[in-house]
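Notes follow the structure.
The values are calculated or read from the model by the stated rules, or taken from the named source; none is laboratory data. Quick caveat: nothing in here was measured; it's all calculated off a predicted structure. Ideal geometry is used to build each Cβ from the backbone, glycine not excepted, and the neighbour counts take in all protein chains shown. Accessible surface areas use protein heavy atoms only, side chains included; no ligands, DNA or RNA. Shrake-Rupley method; radii C 1.70, N 1.55, O 1.52, S 1.80 Å.
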Amino acid sequence: MSNKVIAIVVDGMRYDKACEALGFIQHLVETNQASLYKVKSELPSLSRPLYEVLLTGTPASMNGITSNRAVRLSTEKSLFHLTKENGLRNGTVSYYWVSELYNRAPFHFIEDREQEDESNPIQYGKFYWDDDYPDSHVLMDAEALRRKYDPHFVYIHPLGVDVKGEIFGSESKEYREQILKMGSLLAQLLPIWIKEGYHILITSDHGMSEYGNHGGITDGERDVPLFIISPKVEPGIYGEVVPQLAFAPLVCELLNIEPSDKMISYQFPGLKGKVTL
């Protein structure tokens, strides 16, 4: 079985709207080819703190990334660190805050735009800083990176859904249309990745309120989806609400590497074989 993982974190995509609008992915769920979970994001429900949660499996009170203004390198061991330490290759196409967390802070817009250095935690990366950098470019940049470097762990982070949500709110036509566009883009790439044997995870950092903001404790701001396409996970729709801290150790399980000693132990519903992460 492959130990390669592609994780797509669609920024700002709340659970209910994703369930309504991601048609092809829901087709995979309906035909028992994928699983769907509801994840409760950590607090604060803000982007930079939750990038750190997803990639290190540690809460803000432990890792110190407590706001979007925390411009510094993480002091925790991330999935990038762990893959490198285990002799695996990693790569990402992400908003530049991800580079600031794990490679260098502050971000140098010329030198850090494209990165290729196997000695860094993030070994192969392409980073953008304009919030309206198109999701289509993010996805196709990531596919080009995957084909060129063949990483075991690919982290893909498009921002378009978050941008439309913050401008128009979660109940708007524009927000829903952006999720529909994301679904169409993923429908083009998922069959390729499935055929090549990747474990695929599609989730979000946080949701979005009807007022176009996030950072608080409402369900709309905190509830996000997790779709999994993997032979190691039983397909179906799971009712148990999953803690967001369980994401990083799940990725470790799919990569067949040990999680960090700060990651939580969680019995992930539907996971075959090892049930304790």
With the dipole of the chain defined by +1 on each Lys or Arg Cβ and -1 on each Asp or Glu Cβ, the option from PHE227, HIS152, MET62 whose Cα lies farthest towards the positive pole is HIS152
How many percent of the accessible area of region 67-128 is carbon or sulfur, using a 1.4 Å probe?
45
Using a probe of 1.4 angstrom, how much of the accessible area of region 192-277 is carbon and sulfur, in percent?
52
Mind checking which aspartates and glutamates have their Cα closer than 18 Å to the Cα of LYS148? Skip sequence neighbours fewer than 8 apart in that chain.
GLU114, GLU116, ASP117, GLU118, GLU196
DSSP bridge orientation in region 47-174 - percent antiparallel, rounded to nearest 5
25
ARG69 and GLU240 label points (each 7 Å along its Cα→Cβ direction) are spaced in nm at 4.0
Using the heavy atoms of the protein chains alone and a 1.4 angstrom probe, what is the accessible area of region 7-84 per residue in square angstrom?
33
Given 14 as the ceiling on other Cβ atoms within 10 Å, longest exposed-site-free region of the chain for trypsin sites (Lys or Arg not before Pro) in DSSP loops:
73-271
Can you work out the Karplus-derived ³J(HN,Hα) for every residue in region 142-147? Use 6.51 cos²θ - 1.76 cosθ + 1.60 with θ = phi - 60°, whole Hz, and x for glycine or proline.
5, 5, 5, 4, 4, 5
Report the relative contact order of region 159-277, percent, no decimals, based on alpha-carbon pairs under 8 angstrom and at least 6 residues apart.
19
Which value, in Å², gives the accessible area per residue of region 127-266 when a 1.4 Å probe is used on the protein heavy atoms?
40
Quick check on the chain: take the gyration tensor over C-alpha atoms, sort the square-rooted eigenvalues as a ≥ b ≥ c, and tell me if it's rounded (a/c under 1.5), prolate or oblate.
rounded
Take every Cα pair under 8 Å in the chain that's 6+ residues apart, average their separations, divide by the length, and report that relative contact order as a whole percent.
34
Karplus ³J(HN,Hα) for region 87-100 (6.51 cos²θ - 1.76 cosθ + 1.60, θ = phi - 60°; Hz, whole; x = Gly/Pro) runs x, 9, 8, 9, x, 8, 10, 8, 4, 5, 4, 5, 4, 5
Are there chymotrypsin sites (Phe, Trp or Tyr not before Pro) in region 113-147 that DSSP marks as loop and that have at most 12 other Cβ atoms within 10 Å, and which are they?
none
Compute the distance from the alpha-carbon center of region 242-263 to that of region 178-209, in whole Å.
20
Rounded to the nearest Å, what's the spacing between the alpha carbon centres of region 15-85 and region 118-138? Just the number, please.
17
